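Beneath this line is the structure, given in structure tokens, with notes to follow.
The values are calculated or read from the model by the stated rules, or taken from the named source; none is laboratory data. Here the structure is a predicted model, which means the values were calculated and not measured. Cβ placement follows ideal geometry from the backbone for every residue including glycine, while neighbour counts extend to all protein chains displayed.
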Amino acid sequence: AQTVTQSQPEMSVQEAETVTLSCTYDTSESDYYLFWYKQPPSRQMILVIRQEAYKQQNATENRFSVNFQKAAKSFSLKISDSQLGDAAMYFCAYRSFNTNAGKSTFGDGTTLTVKP
Amino acid sequence: SQTIHQWPATLVQPVGSPLSLECTVEGTSNPNLYWYRQAAGRGLQLLFYSVGIGQISSEVPQNLSASRPQDRQFILSSKKLLLSDSGFYLCAWAGTNQETQYFGPGTRLLVL
């Protein structure tokens, strides 16, 4: 079974600075998807960014980008120019390309604090 | 565009009482549907998923059950709640390509 590990329970960043959240995963599969979700205090889960394992180019979405290292099974999220609204819990998730019904495995999350 | 609804938003129930949480999706057909539970400050635990009407798969044995009476309706139930059932319940859907899951606003359940 796949596992997802987020080794940083808490992180903090100064407003306008850059922060990187770590995620590693364990899989024997070659095709899969990786996701970062944001969960603000409202607890609504919001998709931040998605990466297909077959793509070598790292995904980017405005101030959010990933560093995908397939061989190392690492998938970190970089938030540039951090804003107060970025404060939330961030979850890394894995989904097999071939799995039945698209089930995903989630890490335990990293709580990000943004200091003004 | 697609939207996903959950209700109620918050629920306080006594131990031993029944439970029914509802999730509906609009703007899509034949979605895959999922129920997750999240304990405070923790990640998501997949409880059930469904690939079609009447098709339910359970991931974690417990006193909860799920049903899908209509294509875009997913219900989480219990006959008798336990204290350990307290948590935040999230419903999610994915399209036929199954690439990305999109989540509803969630239900906070407190069992006393």
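When the residues of the range B:43-63 are filtered to those that are free of Cβ contacts under 8 Å to residues at least 12 places away in the same chain and not in a strand (DSSP E or B), the one that is nearest to A:G107 (Cα to Cα) is B:G43.
From the list A:L77, A:L112, exactly one residue is surrounded by 20 or more Cβ atoms within 10 Å (Cβ to Cβ), in a strand (DSSP E or B) and in contact with a helix residue (DSSP H, G or I) (Cβ under 8 Å, 6 or more places away or on another chain). Which is it?
Working: A:L77 fails: in contact with a helix residue (DSSP H, G or I) (Cβ under 8 Å, 6 or more places away or on another chain).
From the options A:L77, A:L112, the qualifying one is A:L112.
Sort out which residues of the range B:80-112 are at positive phi and free of Cβ contacts under 8 Å to residues at least 40 places away in the same chain, and write them in order of number. None - no residue of the range B:80-112 is at positive phi and free of Cβ contacts under 8 Å to residues at least 40 places away in the same chain, so the list stays empty. Report yes if A:E17 is acidic (D, E), at pLDDT below 95 and outside any strand (DSSP E or B), otherwise no. No; evaluated as a whole, the condition is false for this residue. Would you tally the residues in the range A:86-107 being surrounded by fewer than 17 Cβ atoms within 10 Å (Cβ to Cβ) and in contact (Cβ under 8 Å) with a residue 12 or more places away in the chain? Total meeting the criteria: 2. Here B:A40 meets the list (1) in contact with a Pro (Cβ under 9 Å, 6 or more places away or on another chain); (2) in contact (Cβ under 8 Å) with a residue 40 or more places away in the chain; (3) closer than 20 Å to A:V4 by Cβ almost entirely, failing just condition (1). All conditions in (1) under 24 Å from B:Q38 (Cα atoms); (2) of a type in the set (A, V, I, L, M, F, W, C); (3) not in a strand (DSSP E or B) hold for A:M89, with the sole exception of (3). Note on the range B:9-39: residues that are in a loop (DSSP other than H, G, I, E, B) and under 19 Å from B:K79 (Cα atoms) total 5.
With the condition being modelled with pLDDT under 95, surrounded by 19 or more Cβ atoms within 10 Å (Cβ to Cβ) and within 13 Å of chain A (Cβ to nearest Cβ), I'd like the strands (runs of 3 or more DSSP E) fully within the range B:64-104 carrying at least 1 qualifying residues. Quick ask: steps written out before the conclusion?
Details: elements: B:64-70, B:73-78, B:87-94, B:101-103.
Because the criterion is at least 1 residues that are modelled with pLDDT under 95, surrounded by 19 or more Cβ atoms within 10 Å (Cβ to Cβ) and within 13 Å of chain A (Cβ to nearest Cβ), the strands (runs of 3 or more DSSP E) in the range B:64-104 that meet it are B:87-94, B:101-103.
Would you mind finding the one in A:I79, A:I49 that is in contact with a Ser or Thr (Cβ under 9 Å, 6 or more places away or on another chain) and either modelled with pLDDT under 95 or closer than 26 Å to B:L33 by Cα (or both)? Outline the logic, then answer.
Numbers: A:I79 fails: either modelled with pLDDT under 95 or closer than 26 Å to B:L33 by Cα (or both).
From the options A:I79, A:I49, the qualifying one is A:I49.
The residues of the range B:43-61 that are closer than 30 Å to A:S7 by Cβ, at the interface with chain A (Cβ under 10 Å from one of its Cβ atoms) and buried (at least 18 other Cβ atoms within 10 Å of the Cβ), listed by number, are B:G43, B:L44, B:L46, B:Y49.
Is one or more of the residues making up the range B:18-33 surrounded by 13 or more Cβ atoms within 10 Å (Cβ to Cβ), touching a Lys or Arg at 6+ places or on another chain (Cβ under 8 Å), on the phi < 0 side of the Ramachandran plot and within 12 Å of chain A (Cβ to nearest Cβ)? Checking the range B:18-33: at least one residue is surrounded by 13 or more Cβ atoms within 10 Å (Cβ to Cβ), touching a Lys or Arg at 6+ places or on another chain (Cβ under 8 Å), on the phi < 0 side of the Ramachandran plot and within 12 Å of chain A (Cβ to nearest Cβ). Would you mention how many residues in the range A:42-71 are without any contact (Cβ under 8 Å) to a residue 40 or more places away in the chain, within 17 Å of A:S30 (Cα to Cα) and either away from chain B (no Cβ under 13 Å) or not in a strand (DSSP E or B) (or both)? Total meeting the criteria: 9. Restricting attention to the range A:72-92, the residues that are within 14 Å of another protein chain (Cβ to nearest Cβ) and either β-branched (V, I, T) or in contact with a Pro (Cβ under 7 Å, 6 or more places away or on another chain) (or both) total 1.
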